[in-house]
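A.B. asks: Please read through the structure below; I'll follow up with questions.
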Amino acid sequence: MGTVQAKEAPRNPIDISGLNNRRSENSPKADSKKNAPSNKQAQPTYPAAKFKTVRARVDKVNIEGLSRTKDDIIIESIQPLFSAGDFVEVLKQAHEIRERLVGLGCFNNVRIYIDTSSGKAATPDGLEVTFHVSEMRRLTGAINTLFGSNNEGSVALSMRLPNLMGRGERIQAECSYGNRRTSNYNFGFVKPLRGRSNAFFTTSVFQHFTEQPASGYKEIDRGLLFDLAFTSAPLVRHNLQWETTWRDLSVLNRTTAFEIREMSGPSLKGSLRHILSVDRRDQAIFPRSGTLWRITTEYAGIGGNVNFLKNEAQFQANIPLSNDVVFQATLHGGMLKSIGNTKPPSLCDHFFLGGPLSLRGFESRGVGPQAGRNALGASTYWAGGLHLYSPLPFIKPGGFADLFRAHLFLNAGNIGNFEFTDDYNHNLEVLGQNMRLAYGLGIAMKLGDIARVELNYCLPHMYQRTDAINKGLQFGIGFDFL
């Protein structure tokens, strides 16, 4: 076992920090991408054929720049580095430790330097690895742009007290205002947990206000959330959540349908939720390869006056057809089931379908059961899409042009309060009845690593008389598209 100490900077070190620029999902800047998958790039490549046979071991690890951060959490993070047996393994372990240190939320920057070992305790194959860290200030703030699931953009103001007690704890407060009169207030405490599972515990109190013109109601939620996030395997992320929320639905305007008015009023929901995410894509925006699985299970009935079981799943696969053309297939689905004789699920618990982010070619919440001009939502839905992305034709690639993609799509879906039996063939037939389908083409643009913009010309092909279709140009902005 080597030693961990502080020392002067190495004489002629190798700086390997630039080989991998991936940012952890719990880094300071990643906090602005709420409910969004982490930004991932290709794994760093090393000249394995050259260095795999180079024997190496780590004699010393030096940490420079520590002030408030406690030694124990650093020592635990760097222990795997001493198990490396060759130079390639040293590089890989050093990068994994760098990501772990950045993910603690204690440092603005972490740089890695590798030098040959020196001194009386040096071994023939020994190396000294130095991590130069820059701790965050005691108080930080930011103004960010967020994008939600309702084709909406928001401006968010956040304040943080990072590394509060020296082990990555932080207190954070955030408020945001959206262009659709949505407002959010959140105050929380985040605590990293020791161990190799990259676990974080978060507790927060919140208030959300939103208006849903398509359904004719407005909603205000006030609640308390406990969240435990951890990894069980590489790229496999879990969130275990307990949430209690007071929801108050009220009529939006005088034209709101009577069915919506009947479902208005307060409700108290206490629920347990598990989110499983397996993200093997090379990047979140315009991925070229890889798959994404996300499964959410929620049981409501832990206190409160609503009782239901809600399941939702998302799948995405990306296949490169050439250096520039990518084929993408997506599938979403969900089911809501009321349990017991308590108050049925609230209108805001229902699934809704339609809009540029869920089913292109239809208005927001424009598919499914309606009451007058208001969408009621339903207990079951599915939606799938086939996409083809390529660089813009007749434009030389590189620079600003790399932010754009030509987009060809075909999407279909259905939603309703379906009655299922034990006959799978019958169930499939029920899901396919009155299916909606639309196709089109357009342009998609990448907005950094937080969202994308689409402008598509849509042609609805299969729809129902009560659906609100969108034939022609349709604009969408957000992060999670079908």
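The values are calculated or read from the model by the stated rules, or taken from the named source; none is laboratory data. Keep in mind it's a predicted model, so treat the numbers as computed, not measured. Here Cβ is always computed from backbone atoms with ideal geometry, including for glycine, and neighbour counts include all displayed protein chains. Surface areas here come from the heavy atoms of the whole protein model, side chains and all, with no ligands, DNA or RNA. Shrake-Rupley method; radii C 1.70, N 1.55, O 1.52, S 1.80 Å.
A.B. asks: Please calculate the 1.4 Å probe accessible area of D227, with all protein chains present, and give it to the nearest 10 Å².
C.D. replies: 20 Å²
A.B. asks: Could you work out the relative contact order of the chain, using alpha carbon pairs under 8 angstrom and six or more residues apart, expressed as a whole percent?
C.D. replies: Contact order relative to length: 9 percent.
A.B. asks: With 5 Å bins from zero, work out the P(r) of the range 52-135 over every alpha carbon pair and list the percent per bin.
C.D. replies: Answer for the range 52-135: a P(r) of 3, 15, 28, 24, 16, 10, 4, 0 percent.
A.B. asks: Related question: Could you order M335, M435 by accessible surface area, starting with the largest, using a probe radius of 1.4 Å?
C.D. replies: M335, M435
A.B. asks: Farthest toward the dipole's positive end in the range 351-482, which of N414, G472, G384, given Cβ charges of +1 (Lys, Arg) and -1 (Asp, Glu) about the Cα centre?
C.D. replies: Going by the charge dipole, the pick is G472.
A.B. asks: Okay, moving on. With each run of n ≥ 4 DSSP H residues scored as -39500 (n - 2.57), what mean residue ellipticity at 222 nm is computed for the chain after dividing by its residue count and rounding to the nearest 500 deg cm²/dmol?
C.D. replies: Using -39500 (n - 2.57) per qualifying helix, the result is -2500 deg cm²/dmol.
A.B. asks: For the range 334-462, what Kirkwood radius comes out of the mean inverse Cα-Cα distance, in Å?
C.D. replies: The Cα-based Kirkwood calculation yields 16.9 Å.
A.B. asks: Still on this structure: Under a 1.4 angstrom probe, counting protein chains only, how are H332, H426, H387 ranked by accessible area, largest first?
C.D. replies: H426, H332, H387
A.B. asks: Using alpha-carbon positions, what is the distance between the centroids of the range 115-140 and the range 205-228, in Å?
C.D. replies: Their Cα centres are 47 Å away from one another.
A.B. asks: Another question, then. Enumerate by residue number the trypsin sites (Lys or Arg not before Pro) in the range 134-173 meeting two conditions: DSSP loop (anything except H, G, I, E, B), and at most 13 other Cβ atoms within 10 Å of the site's Cβ.
C.D. replies: Answer by residue number: R137, R138.
A.B. asks: For a quick check of understanding: with a 1.4 angstrom probe and all protein chains in place, what accessible area in square angstrom does S289 have, to the nearest ten?
C.D. replies: 50 Å²
A.B. asks: Provide the FRET efficiency to the nearest 0.05 for the L157-R261 pair, computing r from the beta carbons and using R0 = 30 Å.
C.D. replies: Efficiency, from the Cβ-Cβ distance: 0.25.
A.B. asks: Beyond 30 Å between alpha-carbons counts as too far, so tell me which of K92/K310; K191/K269; K92/K191; K70/K92; K92/K120 fall in that bin.
C.D. replies: Violating the 30 Å limit, Cα to Cα: K92/K310.
A.B. asks: Ok, one more. Rounded to the nearest 5, what % of the DSSP beta bridges within the chain are antiparallel ones?
C.D. replies: Taking every DSSP beta bridge with both residues in the chain, the antiparallel ones total about 95 percent.
A.B. asks: What figure, in Å² to the nearest 10, do you get for the accessible area of K191 with a 1.4 Å probe and non-protein molecules left out?
C.D. replies: It works out to around 50 Å².
A.B. asks: Over the chain, with the other protein chains present, what is the accessible area per residue in square angstrom, probe 1.4 angstrom?
C.D. replies: Using a 1.4 Å probe on heavy atoms only, each residue of the chain averages 49 Å².
A.B. asks: Using a 1.4 angstrom probe on the protein heavy atoms only, could you order C106, C175 from most to least accessible area?
C.D. replies: Highest to lowest solvent-accessible surface, that is C175, C106.
A.B. asks: Still on this structure, I have one more. Where the accessible area of the chain is counted over protein heavy atoms with a 1.4 Å probe, how much of it, in %, is carbon and sulfur?
C.D. replies: 57 percent
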